[in-house]
1. What single numbered condition from (1) closer than 30 Å to residue 33 by Cα; (2) touching a helix residue (DSSP H, G or I) at 6+ places or on another chain (Cβ under 7 Å) fails to hold for residue 69?
2. In the list 149, 128, 139, which residue meets the criterion of being exposed (fewer than 14 other Cβ atoms within 10 Å of the Cβ), farther than 30 Å from residue 31 by Cβ and at pLDDT 95 or above?
3. Return only the number of the condition from (1) more than 14 Å from the chain's Cα centre (by Cα); (2) without any contact (Cβ under 8 Å) to a residue 60 or more places away in the chain; (3) farther than 27 Å from residue 133 by Cα that residue 45 does not satisfy.
4. Would you check if there is a residue in the range 118-140 being in a loop (DSSP other than H, G, I, E, B) and without any contact (Cβ under 8 Å) to a residue 24 or more places away in the chain?
5. Confirm whether residue 39 is touching a helix residue (DSSP H, G or I) at 6+ places or on another chain (Cβ under 9 Å), free of Cβ contacts under 8 Å to residues at least 60 places away in the same chain and under 28 Å from residue 189 (Cα atoms).
6. Just wondering, is there one or more residues in the range 23-32 that are more than 21 Å from residue 175 (Cβ to Cβ), out of contact with any strand residue (DSSP E or B) (no Cβ under 6 Å at 6 or more places or on another chain) and at pLDDT below 95?
7. Would you please name the residue that is nearest to the chain's Cα centre (by Cα), looking only at residues in the range 73-114 that are more than 19 Å from residue 39 (Cα to Cα), touching a residue at least 40 places away in the same chain (Cβ under 8 Å) and in a helix (DSSP H, G or I)?
8. If you go through the range 9-26 one residue at a time, do you hit one that is within 30 Å of residue 132 (Cβ to Cβ) and in contact (Cβ under 8 Å) with a residue 40 or more places away in the chain?
């Protein structure tokens, strides 16, 4: 199997081994909990903003998109959902309060590699589907570093925040589960 397809298909499960290790060795404090939750909330807000524009297609196991979304957060960066994920993973690493700053660096390296392969696969497919329109979009919008000026293509997508919140149900469950595990560990072992 192509490594790009592997990472794309199992992107919801690849964090699990890292989460298990983090939870086992975590030494959360109230301070690490506060700052970690702030990062995780920021990540989730970025995800909701992106999903409101991209729609439920972000949850599929099929590479591609029904339309080229270039408005909202996608007018400034091509991969806002992955940026949101990075904030969430970084927040979990901060809450863990162990092996700092090496754990955060490990998280960035691991997910940087994963997202490199996933984005490579997605961009290849989007180029096939949308051709010249996608090439123009890529020339004007950065892959991961948000631009200060919004790209305007005339293709306006109306955000649907209710759908975005419903679509984020599994992310909310993961978010809450990690928090419960880490808070539980803090309460049980940090007396």
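1. Of (1) closer than 30 Å to residue 33 by Cα; (2) touching a helix residue (DSSP H, G or I) at 6+ places or on another chain (Cβ under 7 Å), only one is false for residue 69: (1).
2. Residue meeting the stated conditions: 139.
3. Only one criterion is unmet by residue 45, namely (1).
4. Looking for residues that are in a loop (DSSP other than H, G, I, E, B) and without any contact (Cβ under 8 Å) to a residue 24 or more places away in the chain, one finds none in the range 118-140, hence no.
5. Judged against the criteria, residue 39 is a match.
6. There is no residue in the range 23-32 that is more than 21 Å from residue 175 (Cβ to Cβ), out of contact with any strand residue (DSSP E or B) (no Cβ under 6 Å at 6 or more places or on another chain) and at pLDDT below 95.
7. Going through the qualifying residues, I end up with 114.
8. Looking for residues that are within 30 Å of residue 132 (Cβ to Cβ) and in contact (Cβ under 8 Å) with a residue 40 or more places away in the chain, one finds at least one in the range 9-26, hence yes.
The values are calculated or read from the model by the stated rules, or taken from the named source; none is laboratory data. Here the structure is a predicted model, which means the values were calculated and not measured. No Cβ is skipped: glycine too gets one built from the backbone with ideal geometry, and neighbour counts run over all protein chains shown.
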